[in-house]
Amino acid sequence: MNFKNILLLFFTIVSVNLGLGQNLVQNGDFSNYNTNCNNYSSAFTTNNANCVPSWNSFSGSPSLHGVPSNPHAWMWSGAIQTNPGFRTHYESIQTPAAFEQGKCYTVSFKVKTGDQGIQDISDNGTINLRAVNFQNGNILNEQTVFSNTIGTYLGNNWHTVTTTFTPNTNYSRLLVNPLYTGNAKQAEMAIDDIVIEEKNLVVDFHFEDTAAKIKDTFCEGETILLNGSASQGELNYFVDAWRRPTGSIGSFQYVSGLGWTSGQIQTVNLTTLFAGNNVNFEAGYEYEIKVAIGNGCIGWLPLTKRFTVLANVALDSNFTMNASCAGDGTITVQVTATNSNAYQWWGLFETSISTTNGGTQVGPIQGGTTVNFTGLSRTKNYYIKHGVWKDADENCYPWQETRKIVPNSVSWAGYTTDFTIGLTSIGNQVSVNLQANANPVSVYHGWEVYDVNHNVISGFCCNSDVASFQGLWINTWYYVKHGIWNDCKEWQETRRYFRVQIQESENNIGGFILETKEYPYEPDSNYTKEINELVNSGAIHEVYEEYERETSFDDRATSKEKIEMYPNPIQMGQTLTIATSSNDGIQKIELVELSGKSRPLSFVKQKDMVLVEIDTRVYKGMYFIRIIKNSGEVITQQLAIQ
């Protein structure tokens, strides 16, 4: 393969990769020829069929010159003497070329004239390329593709010619020839590298930054590039800029233009080029860029696209935080971003100490202007990290963040540690009943009874808002300590004195009255710290369990008997089993409401247990089972009915 063939192959590959049109002319550089051709001086005639594939002569005996390094076609035209006068003779070559009416084609070739040393430099001699149709070996119709004087290309140097052509009808052949009209003997021409391509315009472009990132929003001062490499078929282009204030729906106002520029548009630095016109792309404006491309076939084809220039502004990442106590007794934190016109990033982190650094992420990352974090505990340390940014505009609005510590003590409306004290009595047995005032959220309860010397008598913990104490001395002052806590708020308590007295009045049923008075008490910081450490660690449960083992009110009554009662809690309609080791018979079993109202329960004795039916008409709630023995001993125990 000679060097020219290599160049042709390279050009063909590049043309395909660049999306150029297909050449209508086969073997337009004449590099495909028969090396066994009999006579290159008449290579295009029918006598030398297939000497130059795809080509043959229409008139005369055109030659193939330049073999083997640079094969090309050579033809002459001159005046031939006839009788009488002269007639013009020309050699010509032809090849198939399917021209379609109305389409635009670019035609390029190399030409030189007079290279044989016998020439007419008269401007009347021309070189000609024509689109033709033949019929019976004659030209049926034709249209000039290109024609120019021979003198323009005179000499031994090649001249490259590029032109455009739009057929007025369909043509099937390309005809090439010189035409002599002077007085000397002849004119000559050599032609090579004939390329005819359909040339349609495609205009397309986008904006990008210096990192080739496609975008339509830029920061003030950022370099703006226009990439028009997707456009096709253009020989020149122009760019105009218009603008209007950001957010406006008014008309765009003309700013400046770059005028027509030769060549393909490719990548254009708008910032630099318009700066040459003393135009800067300012923040606060939306710009409309109008691009038009053209070639010799199509005057111009426009396309308009827009971009916006933003000021470099730091976003506000601050937020408000509202902590509340949820119904389940845990902390809920609602956060709301100050700047809603940005992307939001919310994360909750748990740390070992109170800090806004490090820690372990709790739950998923959230987005949105307002989000909630739920199920938090005051015994743990949390902080919230909030970041804001704008995705496509991150260079103009970079990431900003704010961190805040979550409060570890949250109260609620209707918070109370107060309670009421009631009295019930059966015979000589007196029960002091406690009922906590209702809180709107779930809380734990701690109940303790002390004597005036601050000795604990008994205690209950931790899920019941009621408690009952028996076996207290008559006419003796005690005080009750009632504390509540949950995951929202630490231990707080209320204390109240009480004593049970014998009432001599005939109008008082039971013969007992309850006297109460306020307990003037303000806990010191050491006490508060100590009890909250017990609460936070869970050790308070163990403390109350020890109370129940060592200071049971049942033990302070007349019997050391251990009573087992199950199931507890119990469902309505189920049978309650009471196990007892005592030989003392049971006289009566009662179900006692917290108000003191009681009703008898039927029971059946079987060996060491008693079976008690729980009526389905009983309401769900907390009750007491009161067992009255034949000896007069009374045993009271709490029962939950579900």
Quick one: accessible area per residue over the stretch 328-437, 1.4 Å probe, rounded to a whole number of Å²?
-> 46 Å²
In degrees, nearest 10, the alpha-carbon axis of helix 539-550 is tilted away from the dominant principal axis of the alpha carbons of the chain by 20 degrees
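So how strong a dipole does the chain carry about its Cα centre when Lys and Arg Cβ are +1 and Asp and Glu Cβ are -1, to the nearest 20 debye? Can you show the working numbers first?
Working: 42 positive and 61 negative charges, 321 e Å.
In total the dipole reaches around 1540 debye.
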Once the whole set of protein chains is in place, how much accessible area is left on residue 40, using a 1.4 Å probe, in Å² to the nearest 10?
-> 60 Å²
Accessible area, probe 1.4 Å, largest first, for residues 246, 416 | 246, 416
Cross-link list 213/390; 517/597; 215/305; 489/529; 112/199; 103/305: which exceed 20 angstrom alpha carbon to alpha carbon?
-> 517/597; 112/199; 103/305
Dipole of the chain, positive direction: furthest Cα of 449, 237, 501, with charges on the beta-carbon | 237
Express in whole angstrom the spacing between the alpha-carbon centres of the stretch 459-488 and the stretch 242-317.
-> 81 Å
With the full set of protein chains in place, find how many percent of the accessible area of the stretch 308-388 is carbon and sulfur; take the probe as 1.4 Å.
-> 45 percent
Give the accessible area for residue 204 in Å² (nearest 10); use a 1.4 Å probe, count only protein heavy atoms, and leave out ligands, DNA and RNA.
-> 60 Å²
Where does the chain land at 222 nm, in deg cm²/dmol rounded to the nearest 500, when only DSSP H runs of n ≥ 4 count, each adding -39500 (n - 2.57), divided by all residues?
-> -2500 deg cm²/dmol
Farthest toward the dipole's positive end in the chain, which of 61, 249, 311, given Cβ charges of +1 (Lys, Arg) and -1 (Asp, Glu) about the Cα centre?
-> 61
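Going by a ≥ b ≥ c, the root eigenvalues of the Cα gyration tensor, does the stretch 286-414 fall in the rounded group (a/c under 1.5), the prolate group (a/b larger than b/c) or the oblate group? Please list the in-between numbers first.
On the way: a/c = 4.05, a/b = 3.48, b/c = 1.16.
Prolate is the answer for the stretch 286-414, as a/c is 1.5 or above and a/b outweighs b/c.
Is the C-alpha gyration tensor of the stretch 347-489 telling us rounded, prolate or oblate? Criteria: a/c under 1.5 is rounded; beyond that, a/b larger than b/c is prolate, otherwise oblate. Please report the intermediate quantities before stating the final value.
Values: a/c = 5.03, a/b = 3.53, b/c = 1.42.
It comes out prolate by the Cα gyration axes.
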Residue (of 126, 111, 329) at the positive-pole extreme of the chain, dipole from beta-carbon charges = 126
Just reorder 189, 565, 321 by solvent-accessible area, largest first, 1.4 Å probe, all chains present.
-> 321, 565, 189
Working from Cα positions, state the angle (0 to 90°, nearest 10) between the long axis of helix 3-17 and the longest principal axis of the chain.
-> 40 degrees
What is the chain's relative contact order, in percent, from Cα pairs under 8 angstrom and six or more apart in sequence?
-> 7 percent
SASA check, residue 499, accessible area w/ 1.4 Å probe, all protein chains in place, rounded to nearest 10 Å², comes out at 50 Å²
Helix 525-537 sits off the longest principal axis of the Cα atoms of the chain, rounded to the nearest 10 on a 0 to 90 degree scale, by 70 degrees
Leaving ligands, DNA and RNA out of it, rank 491, 477 by accessible area with a 1.4 Å probe, largest first.
-> 477, 491
For the stretch 365-489, averaging the sequence separation of alpha carbon pairs under 8 Å that lie six or more residues apart and dividing by its residue count, the contact order in percent is 23 percent
Report the antiparallel proportion of the DSSP beta bridges in the chain as a percent, rounded to a multiple of 5.
-> 95 percent
Kindly provide the Kirkwood hydrodynamic radius of the chain in Å, to one decimal, from all pairs of distinct alpha carbon atoms.
-> 36.1 Å
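The values are calculated or read from the model by the stated rules, or taken from the named source; none is laboratory data. The structure displayed is predicted, hence computed values, not measured ones. Reconstructed Cβ throughout: ideal geometry from the backbone, glycine too, with neighbour counts over all protein chains shown. Please note that ligands, DNA and RNA were not included when accessible areas were found on the heavy atoms of the full protein model with its side chains. Shrake-Rupley method; radii C 1.70, N 1.55, O 1.52, S 1.80 Å.
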